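**Student:** Quick one: the structure is below, questions incoming.
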Amino acid sequence: MTETVVIDCFPSSVARYVDDHAIVAVDVIRATTMAVTAAAAGRRCVVAADLEDAFTTRDRIGNAVLAGEIGGDMPQGFDMNNSPAELARRGDVDRPLVMLSTLGTQVMLEAGRSAHGAYVACFRNFGAVARHLIDYRGQVAFIGAGSRGEFREEDQMCCAWLAEILVKAGYRPSNAQTTEIIERWSGVPAIACETSNSVAYLRRSGQLDDFDFVIEHVDDLDIVCSIDGNEVRPWPHLPPARATD
């Protein structure tokens, strides 16, 4: 089995990898940071496919926090925006989180179709996820959610950091784009992503506390999160099954 890493972007790209890659979904600003923060707090985290699914899931579960955005705006009837900073301040961890976002939740759900395992990563847990995957010894795809046709800087950075750890452990980049992204972001501090249009949006909309949260919480969680169906769950502290020929 060839041990490779590939970096790609957008939910539509995931289908290329579901049959033969373990997949890691990345949406640093803000969906995967939200999901990982929820899981780390012991909060159940359910990912919705669309608005109808979000409301139906909330009603079915009961007493859930409905959080997210569509096109950057919080839908009517939601309890909070797609804000990991706000979520971290909430004390009601016994209430499940039902979350929806424009692209981040979509890339998570698409990744969940992988026959070889699907994971959720952000700046907070990239080290834990990468270390967990070292023993997989197969093909791993890191997929950024993207936004408005762009592979945003923060997602490139997180994918690069993940892939670099595996490359140092003996994995091989599968294409020139992956090599270039790893080299571009190697050793770069988290604040370098402040040039992203994602951060520009947070600045315009008065939500820079989420950017501060993202750059102040880097590699601070030793938690591996998998996407199982439509739920993000902490992975048991066991190595992943090795890939087979």
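The values are calculated or read from the model by the stated rules, or taken from the named source; none is laboratory data. Since we're looking at a predicted model, the values are computed, not measured. For neighbour counting, all protein chains shown are included, and Cβ atoms are generated from backbone atoms with ideal geometry for every residue, glycine included. Just so you know, the surface numbers come from the protein's heavy atoms only, side chains and all, with ligands and any DNA or RNA stripped out. Shrake-Rupley method; radii C 1.70, N 1.55, O 1.52, S 1.80 Å.
**Student:** So how much slack lies between residue 79 and residue 180, counting 0.36 nm per residue of separation and subtracting their Cα-Cα distance, in nm? Can you show the working numbers first?
**Tutor:** Numbers: separation 101, 0.36 × 101 = 36.36 nm, distance 4.05 nm.
Length gained, residue 79 through residue 180: 32.3 nm.
**Student:** Calculate, for residue 148 and residue 93, the FRET efficiency according to 1/(1 + (r/R0)^6) with r their C-beta to C-beta distance and R0 25 Å; round to the nearest 0.05. Before the final figure, lay out each step's value.
**Tutor:** Numbers: r = 33 Å, r/R0 = 1.31.
That pair, residue 148 with residue 93, gives E of 0.15.
**Student:** Starting from the Cα gyration tensor of the stretch 115-245, take the square roots of the eigenvalues, sort them a ≥ b ≥ c, and report rounded, prolate or oblate (rounded when a/c is under 1.5, otherwise prolate if a/b is larger than b/c, else oblate).
**Tutor:** Prolate shape, in that a/c is at least 1.5 and a/b is the bigger ratio.
**Student:** Let me ask something else about it. Using Cα centres only, tell me the gap between the stretch 132-174 and the stretch 68-101 in whole Å.
**Tutor:** Cα centroid to Cα centroid, the span is 27 Å.
**Student:** Order 141-149, 38-46 from most to least packed using the mean count of other Cβ atoms within 10 Å. Don't skip to the answer; put the middle values down first.
**Tutor:** Values: 141-149: 23.6, 38-46: 19.6.
Descending packing order for the listed peptides: 141-149, 38-46.
**Student:** Ignoring solvent entirely, what values of log10 I(q)/I(0) come out of the Debye formula for the stretch 1-96 at 0.18, 0.23 Å⁻¹ when each Cα is a single scatterer?
**Tutor:** So the normalised log intensities are -0.91, -1.25.
**Student:** Skip the ligands, DNA and RNA, and give the accessible area per residue of the chain with a 1.4 Å probe, whole Å². Working shown, then result.
**Tutor:** Working: 9990 Å² over 245 residues.
Per-residue value: 41 Å².
**Student:** Is there a quick way to get the dipole size of the stretch 146-245? I mean about its Cα centre, with the Cβ of Lys and Arg at +1 and of Asp and Glu at -1; what is the value in debye to the nearest 20? Please report the intermediate quantities before stating the final value.
**Tutor:** Details: 9 positive and 18 negative charges, 68 e Å.
It works out to roughly 320 debye.
**Student:** Follow-up question, since we're still on this one. Where does each of 14-25, 151-162 land if you order them by average Cβ count within 10 Å, highest first?
**Tutor:** Details: 14-25: 21.3, 151-162: 25.6.
Top to bottom by mean Cβ count within 10 Å: 151-162, 14-25.
**Student:** Now for a different question. So how strong a dipole does the chain carry about its Cα centre when Lys and Arg Cβ are +1 and Asp and Glu Cβ are -1, to the nearest 20 debye? Before the final figure, lay out the partial values.
**Tutor:** Details: 22 positive and 35 negative charges, 60 e Å.
I would put it at about 280 debye.
**Student:** Sticking with this one: Any idea how far apart residue 51 and residue 115 come out in nm if each label point goes 7 Å out from Cα toward Cβ?
**Tutor:** So the label points at residue 51 and residue 115 sit 3.7 nm apart.
**Student:** So, in nm, how far is label residue 208 from label residue 70 when the simple model puts each one 7 Å beyond its Cα toward the Cβ?
**Tutor:** My value for the distance between the label points is 3.0 nm.
**Student:** Let me check I've understood the local charge: for residue 131, count other residues with C-beta under 12 angstrom from its C-beta, Lys and Arg +1, Asp and Glu -1. What total comes out?
**Tutor:** -2
**Student:** Once you sort the root eigenvalues of the Cα gyration tensor of the stretch 48-165 as a ≥ b ≥ c, which label holds: rounded (a/c under 1.5), prolate (a/b larger than b/c) or oblate (the other case)? Walk me through the numbers before you get to the answer.
**Tutor:** Numbers: a/c = 1.84, a/b = 1.70, b/c = 1.08.
Because a/c hits 1.5 or more and a/b exceeds b/c, the stretch 48-165 counts as prolate.
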